[in-house]
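The structure under discussion appears below in the form of structure tokens.
The values are calculated or read from the model by the stated rules, or taken from the named source; none is laboratory data. Just so we're clear, the structure is a prediction, and the values are computed from it rather than from any experiment. A quick note on method: Cβ atoms are made from the backbone with ideal geometry, for glycine too, and the neighbour counts reach across all protein chains shown. We work out accessible area using only protein heavy atoms, side chains counted, and drop any ligands, DNA or RNA first. Shrake-Rupley method; radii C 1.70, N 1.55, O 1.52, S 1.80 Å.
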Amino acid sequence: MARMGGFDLSGLKELQKNLNKLQEKQVEKFIVACTKELASRLQAEVINRTPVGEYPEESGKQGGTLRRGWTLQNLKVDHCDGKYVIEIVNPVEYASYVEYGHRTISHKGWVPGQFMMTISEREINQITPALLEDRIKRFLGGVFQ
């Protein structure tokens, strides 16, 4: 008759003890920090991609209003429907026209959109899995050692 070998469960008990140390508040704080980091990266990308208007010197106008308009809404993370949300807004009235395009003043032509937010969002979505994987490994690093 075959005999069952012995098992050392001390490693599993240690893992369980370390996992129990992770409290819900720590996890919530971690998720909020990751959300803020992703929002900040998106804001930086969209700012860099936003065009700056060029005006003749004699006009007295200065470009960059649209670029300076990008803000993170209070840096407050809202949690609704299982999602964490930070709004990035640009209150400049012509922001949507630059983003998506618009008709010319004569209504006979079309000015193509710059899609600065759309493209930036796509880029951030591509790097998000790798970034979060790295952050999760660091967050849980102490648990699995």
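Some notes on this structure:
- Only protein heavy atoms count here; on that basis, with a 1.4 Å probe, residue 65 has an accessible area of about 60 Å².
- Length gained on full extension, residue 80 to residue 24: 18.5 nm, using 0.36 nm per residue less the C-alpha separation.
- Dipole orientation for segment 13-145: of the candidates 109, 124, 141, 141 has the Cα lying most toward the positive pole (charges on Cβ; Lys, Arg +1; Asp, Glu -1).
- Cα-based reach from residue 108 at 29 Å (exclusive), listing lysines while leaving out same-chain residues under 8 positions away: 61
- Label-point gap, in nm, between residue 17 and residue 32 - each point 7 angstrom along Cα→Cβ: 3.0
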